[in-house]
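The values are calculated or read from the model by the stated rules, or taken from the named source; none is laboratory data. Owing to the predicted nature of the structure, the values given are computational and were not obtained by experimental measurement. Reconstructed Cβ throughout: ideal geometry from the backbone, glycine too, with neighbour counts over all protein chains shown. Note: areas computed on protein heavy atoms with side chains; ligands, DNA, RNA excluded. Shrake-Rupley method; radii C 1.70, N 1.55, O 1.52, S 1.80 Å.
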Amino acid sequence: KQEVTQIPAALSVPEGENLVLNCSFTDSAIYNLQWFRQDPGKGLTSLLLIQSSQREQTSGRLNASLDKSSGRSTLYIAASQPGDSATYLCMPNSYGKLTFGQGTILTVHP
Amino acid sequence: EAGVAQSPRYKIIEKRQSVAFWCNPISGHATLYWYQQILGQGPKLLIQFQNNGVVDDSQLPKDRFSAERLKGVDSTLKIQPAKLEDSAVYLCASSLLVGTSYEQYFGPGTRLTVT
């Protein structure tokens, strides 16, 4: 059974800081790992999808890395902005078994 | 392209009543997922369809929950009878294929409150 842990559970930072959100998972036999953001009262928006053969994926100020063998992924957010405030969720896709972490609640204040 | 559509957006019912949610996936997406998200937690997969067949329903409480996907497109999720602990957001998602490299796209969700 896949278990997913996200650290920290919550993070509050001033605008402009570079951030690191961590995701660890117990079953390393995954197809891919997807990072999402969720705004209050809304559905999930896909941020990045890293294939199991990849080490990194970048989109704008976001960079996600994947170390499949150690069961870890990291989401880097550069130069954080108040608009980045949301809950960030990771989801490893272990051969059809889809398990989410509890999420990291990010607050970026001006 | 149009995203995943869900309705209703909000529903309030009393315990022991029944309720149904509807989902229309992105056109051409063969795989459809229903998730339950309780406040403060990550989404939990309830059921996964590939076309109109069930791939995984291991976490679906089958004594009260049912889901179908007729003609491999739209899907409905039903709860009968509802319990207080069913209060949650029900999310629908779709992707091109199951168990492969394709991204999942989510709808806005249906917020269910059971009183």
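State whether one or more residues within the range B:6-25 are in a strand (DSSP E or B), within 18 Å of A:Gln34 (Cα to Cα) and not small (Gly, Ala, Ser). Explain how you work it out, then say what you get.
Step one: list which residues in the range B:6-25 are in a strand (DSSP E or B), which gives B:6-7, B:10-13, B:19-24.
Filter once more, so that each one left must be within 18 Å of A:Gln34 (Cα to Cα): none.
Among the residues of the range B:6-25, not one is in a strand (DSSP E or B), within 18 Å of A:Gln34 (Cα to Cα) and not small (Gly, Ala, Ser), which makes the answer no.
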Limited to the range B:27-47, what total is found for residues that are open to solvent by less than 50 Å² (accessible area, probe 1.4 Å) and part of a loop (DSSP other than H, G, I, E, B)? 4
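Could you look through the range B:48-74, keep only residues that are within 11 Å of chain A (Cβ to nearest Cβ) and outside any loop (DSSP other than H, G, I, E, B), and pick out the one that is surrounded by the most Cβ atoms within 10 Å (Cβ to Cβ)? Walk me through how you get there before you give the answer.
The first filter runs over the range B:48-74 and keeps only residues within 11 Å of chain A (Cβ to nearest Cβ), leaving B:48, B:50, B:55-56, B:58-59.
Now narrow it down to the ones that are outside any loop (DSSP other than H, G, I, E, B): B:48, B:50, B:55-56.
Numbers: B:Gln48: 26, B:Gln50: 17, B:Val55: 15, B:Asp56: 18.
Checking each candidate, the answer is B:Gln48.
For B:Gly109, state whether it is buried (at least 18 other Cβ atoms within 10 Å of the Cβ) and either small (Gly, Ala, Ser) or more than 8 Å from chain A (Cβ to nearest Cβ) (or both).
Numbers: buried (at least 18 other Cβ atoms within 10 Å of the Cβ): yes; either small (Gly, Ala, Ser) or more than 8 Å from chain A (Cβ to nearest Cβ) (or both): yes.
Judged against the criteria, B:Gly109 is a match.
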Restricting attention to the range A:75-110, and to residues there that are open to solvent by less than 20 Å² (accessible area, probe 1.4 Å) and away from chain B (no Cβ under 13 Å), which single residue is nearest to A:Gln2 (Cα to Cα)? A:Leu75
Among residues of the range A:63-95, those that are without any contact (Cβ under 8 Å) to a residue 24 or more places away in the chain and in contact with an Asp or Glu (Cβ under 8 Å, 6 or more places away or on another chain), counted: 2
Can you tell me how many residues within the range B:75-99 are loosely packed, with under 14 Cβ neighbours inside 10 Å and more than 18 Å from B:Lys44 (Cβ to Cβ)? 2
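Listed here are the residues, each with its yes/no results for (1) at pLDDT 95 or above; (2) among the acidic types (Asp, Glu); (3) touching a Gly at 6+ places or on another chain (Cβ under 6 Å); (4) closer than 25 Å to A:Glu3 by Cβ.
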{"position": "B:Ile13", "(1), (2), (3), (4)": "yes, no, no, no"}
{"position": "B:Asn52", "(1), (2), (3), (4)": "no, no, yes, no"}
{"position": "B:Lys78", "(1), (2), (3), (4)": "yes, no, no, no"}
{"position": "B:Val89", "(1), (2), (3), (4)": "yes, no, yes, yes"}
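Are there strands (runs of 3 or more DSSP E) fully within the range A:10-101 with at least 1 residues that are within 30 Å of B:Tyr10 (Cα to Cα) and out of contact with any helix residue (DSSP H, G or I) (no Cβ under 8 Å at 6 or more places or on another chain)? List them. Please lay out each step first, then the result.
On the way: elements: A:10-14, A:19-25, A:32-38, A:44-51, A:56-59, A:62-67, A:72-77, A:86-94.
Counting at least 1 such residues, we get A:10-14, A:32-38, A:44-51, A:86-94.
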All but one of (1) more than 14 Å from chain B (Cβ to nearest Cβ); (2) open to solvent by 40 Å² or more (accessible area, probe 1.4 Å) hold for A:Ser53; state the number of the condition that does not hold. (1)
Going residue by residue through the range A:51-66, is there one that turns out to be under 20 Å from B:Gly42 (Cα atoms) and either small (Gly, Ala, Ser) or over 12 Å from the mean Cα position of the chain (by Cα) (or both)? yes
